[in-house]
Amino acid sequence: MRGPQRPDPFSDGDPPLELTTFVGRSAELAGLTDALGGARLVTVTGLGGVGKSRLAARVAAGWESGAGRVELAPVRDPQFVEYAVAEALGLTDHTARLPRETLLDHLAGRPALLVLDGFEHLVDACAELTAELLRKLPRLRVLAVGRRPLGLAGERLFPLAPLGEEEAVELFTDRAREQGLEVTDGPEVRELCRRLEGIPLALELAAGRLRALSPAQLLQRLDDRFRLLATGAGPRSVPGGPPARHQTLRTAIGWSHELCTPAERLLWARLSAFAQTFDLEAAEYVCSGDGLPAEDVLDVLPQLLAQSVVTREETPAGPRYRMLDTVRAYGAEWLEGIGDAGRLRRRHRDWYLGLATWCELYWFSPRQGEVAARVEAELPNLRAALEFCLTEPEEAHLGQYLAGSLWFCWVGCGRLAEGRRWLTRSVELESEYEQSRLKALWVLGYVAVLQGDTVPALAALRECREQAERVADPTAVAYAEHRTGCLALVTDDMARAETLLRSALDRYQEIGELNSNVLMGQVELAMTRAFQGDLPDAVRLCEDVRRVCEDHGERWARSYALYVLAYAAWQDGDTAGARELLADCLANAHAFHDLLGTVLSIELLALVTAAEGDPAEAAVLQGAAGRQWPSVGLPLFGSAYYNAPHELCEGMARQALGDAGYEACVREGALLDRATAVDRALGHGAVRPLGALPAPRGAVPRGGAPQRGAGQGQDAAPPRGATSPHRPAR
């Protein structure tokens, strides 16, 4: 069952790169592979730190038909399990349908392996989802990894035992060598490995101490810890307590914790506030204070790295750090024990409120692509902050502010379904800060418009406008009017769309608003002019947008302006110019995971291709676009205006190829996944990356979020920590 791994449909769910050597487990690797060959659901069970995830990742990496890995440890809400699975597999869906439907649609007929790692706190939700996927996808296999079974019929259990003595010694000495230390296989090393019962995490934590202590000293300290437990101070004295090996692991972690300096113990506990990975500046802000100055965090963190308490990894957003779940859980217990958990969660929330404000500001800047990379890396922490705000009394306004401030993530980075869920939850709560709720309302309406969900969109936008007029909030009025105009545009009411969009743009000018949303309003107005036959006015409007975007380094709104300019170029017979514009538009839309911009570009490229005299390739591109539309919504919004280029292209291709030839080419295109379709449309094999965002620096202005206006460029000061919800950035 082994072989090269397919990059699709699991390109975003590949097993992580191994930063340390994989030691032993040859029999277990073969056994687990054989188990998956004979059962569609296999669950690897075992205590924390025994190596379940590493073994599963090894097997998945060699799975011949493709494997996707879903890390469920950061997920707290059972209702977000299917969102996490869809996200890990790189599946983007802009519609209002549930992620489960997207999963079933994208995985239908594909032989693949799905790895669900760390599900034990979400057993019921994972079991229910797994059962449905296996029932409806006969070619799918699931490898679950957790401390307990899923409890489903047909589930085959694969209990993972600790390492045998020889492999334990090999692991211990290998981790010593990775630190530049030579540790020989001797009686103390073997006794230490026996006392740690071959548990890989315990061995790695012990090896992390070898710079300061010899194996004999480590063994002595471990013996002291066990004697303490044996006298009644630990779980060994509790009848019916945890199994011995669980106690051994807890003992090893606790023993490693005791060997830390007070500052190291404090940082260990406070780092448990992070949902998954984190960067240095987040750690400095969240974990500092009360005995640990911010400037000391940089000195203490490397000590935890050296002891294997924390690991470092390189990401598109720069270097980040993480703690293993078992180690994080120990730190969280300690944090609760000293009564500091609530304060740390609030500091965590404050940092990510500030980060969201900073990212929203820099979305309209040359750092836009870097913002996309940063927010992608920080999503688990942003979700944790949202959950905290929306479940704590008196925090609803902060949840509304955060959900609204992340509009660029929901809309610009292809996360409409998730954004809709957070926004809906937030506006259902009462809030003392009207502006925060008004922003969440217009963003909710915008998301619903793009999902093609007209009635809820109109309801949210109407409520936003009426309330904004009552409290005299001109900014919220402008946004509500703008998005209502957008709704009229996609429902073919061009006269009303033009009226609303012109009025909204006038309002933006009156209040000095200039950002990506404002520019999108101008692009949407240009679309109404183009659809009504005034191409010169549409070109004028979009050339202005293009100029402003290039002045500010903005790429997302610019790509939509290029789409309209390409349409006009095609109308003028300039197919080469249209293709160049659309290639730029498509590359950016795909890099941002903007599915709407991607599929619109492919549709228009099909027409350009037909006009260039290649009807077969045009039909292939139409087939590729047709496969993507169900994840966007109603094809071409159900709009006669948006559909006209599609119908013209189809007519040209059918006339040249005949009905049978055209349908064959469409079927060929429908077999292309999104990334392959984009590469084919662009005529090359790669899309340029968006880049990585430096960590935020500077202080948050005490008066609230940064002021709006054209001056918000790369030199604006980013916030650090929380901002006041009284004047959120829009």
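Things worth noting here:
- Selection status of Gly399, touching a residue at least 24 places away in the same chain (Cβ under 8 Å), outside any helix (DSSP H, G or I) and surrounded by 23 or more Cβ atoms within 10 Å (Cβ to Cβ): no
- Residue within segment 459-479 that is within 33 Å of the chain's Cα centre (by Cα), modelled with pLDDT of 95 or more, among the hydrophobic types (A, V, I, L, M, F, W, C) and open to solvent by 30 Å² or more (accessible area, probe 1.4 Å) present: yes
- Qualifying positions in segment 618-637 - within 16 Å of His106 (Cα to Cα) and either more than 28 Å from the chain's Cα centre (by Cα) or not in a loop (DSSP other than H, G, I, E, B) (or both): Gly623, Ala624, Ala625, Gly626, Arg627, Gln628, Trp629, Pro630, Ser631, Val632
To keep it simple, each residue is scored yes or no on (1) acidic (Asp, Glu); (2) over 30 Å from Gly445 (Cα atoms); (3) touching a Leu at 6+ places or on another chain (Cβ under 7 Å); (4) at pLDDT below 85.
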position	(1), (2), (3), (4)
Ala67	no, yes, yes, yes
Val70	no, yes, yes, no
Pro74	no, no, no, yes
Pro78	no, no, yes, no
Val81	no, no, yes, no
Leu89	no, no, no, yes
Thr92	no, no, yes, yes
Leu98	no, no, no, yes
Asp117	yes, yes, yes, no
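- Residue satisfying condition, being open to solvent by less than 10 Å² (accessible area, probe 1.4 Å) and touching a Cys at 6+ places or on another chain (Cβ under 6 Å), within set Leu586, Leu595, Leu607: Leu607
- Cross-chain or 6+ apart pairs with Cβ under 6 Å, segment 506-534 first and in contact (Cβ under 8 Å) with a residue 12 or more places away in the chain, then outside any helix (DSSP H, G or I) and open to solvent by 40 Å² or more (accessible area, probe 1.4 Å): Glu513/Arg708; Leu514/Ala710
- Within segment 65-104, the set of residues being small (Gly, Ala, Ser), more than 19 Å from Ala125 (Cα to Cα) and either open to solvent by 30 Å² or more (accessible area, probe 1.4 Å) or within 18 Å of the chain's Cα centre (by Cα) (or both) comprises Gly90, Ala96.
- Residue tally, condition assigned to a strand (DSSP E or B) and under 28 Å from Ala202 (Cα atoms), over segment 311-359: 9
- Candidate set: segment 655-673, residues that are crowded, with 16+ Cβ neighbours inside 10 Å and in contact with a Pro (Cβ under 9 Å, 6 or more places away or on another chain); chosen: the one modelled with the lowest pLDDT: Asp673
- Residues of segment 258-302 that turn out to be open to solvent by less than 10 Å² (accessible area, probe 1.4 Å) and closer than 30 Å to Gln217 by Cα, as a count: 9
- Per-region count, segment 575-596, residues outside any helix (DSSP H, G or I) and without any contact (Cβ under 8 Å) to a residue 24 or more places away in the chain: 0
- Matching entry among Leu137, Leu143, Leu129, Leu152 (being touching a helix residue (DSSP H, G or I) at 6+ places or on another chain (Cβ under 7 Å) and within 20 Å of Leu324 (Cβ to Cβ)): Leu143
- Only one of the numbered conditions (1) open to solvent by 10 Å² or more (accessible area, probe 1.4 Å); (2) touching a Ser or Thr at 6+ places or on another chain (Cβ under 9 Å) is violated by Leu114, and that is (1).
- Taking helices (runs of 4 or more DSSP H) as the structural unit, those lying wholly within segment 135-226 and holding at least 1 residues that are loosely packed, with under 14 Cβ neighbours inside 10 Å correspond to 165-178, 187-195.
- Picking from residues in segment 368-396 that are β-branched (Val, Ile, Thr) and free of Cβ contacts under 8 Å to residues at least 40 places away in the same chain, the one that is least open to solvent (accessible area, probe 1.4 Å) is Val375.
- Among residues of segment 51-88, those that are aromatic (Phe, Trp, Tyr) and in a helix (DSSP H, G or I), counted: 2
Conditions tested, residue by residue: (1) closer than 25 Å to Val75 by Cα; (2) modelled with pLDDT of 95 or more.
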| site | (1), (2) |
| --- | --- |
| Leu398 | yes, yes |
| Tyr401 | yes, yes |
| Trp407 | yes, yes |
| Arg415 | yes, no |
| Arg421 | yes, no |
| Leu429 | yes, no |
| Glu432 | no, no |
| Leu444 | yes, yes |
| Ala448 | yes, no |
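- Contacts under 7 angstrom Cβ, first residue in segment 427-444 being closer than 17 Å to Trp410 by Cβ, partner open to solvent by 60 Å² or more (accessible area, probe 1.4 Å), 6 or more apart: Leu441/Glu463
- Candidate set from segment 413-433 (those that are under 23 Å from Thr277 (Cα atoms) and open to solvent by less than 20 Å² (accessible area, probe 1.4 Å)); member that is farthest from the chain's Cα centre (by Cα): Trp422
- For segment 37-64, filtered to residues that are under 26 Å from the mean Cα position of the chain (by Cα) and of a type in the set (Ser, Thr, Tyr), the residue that is farthest from Pro149 (Cα to Cα) is Ser53.
- From the options Thr45, Thr33, residue that is under 23 Å from Ala125 (Cα atoms), at pLDDT 85 or above and in contact with a helix residue (DSSP H, G or I) (Cβ under 9 Å, 6 or more places away or on another chain): Thr45
- Only residues that are in contact with a Phe, Trp or Tyr (Cβ under 8 Å, 6 or more places away or on another chain) and part of a helix (DSSP H, G or I) were counted across segment 89-110, and they come to 1.
The values are calculated or read from the model by the stated rules, or taken from the named source; none is laboratory data. As the structure is a computational prediction, the values presented were derived from the model and not from experiment. Here the Cβ is made from the backbone with ideal geometry for all residues, glycine too, and neighbour counts use every protein chain on show. Accessible surface areas use protein heavy atoms only, side chains included; no ligands, DNA or RNA. Shrake-Rupley method; radii C 1.70, N 1.55, O 1.52, S 1.80 Å.
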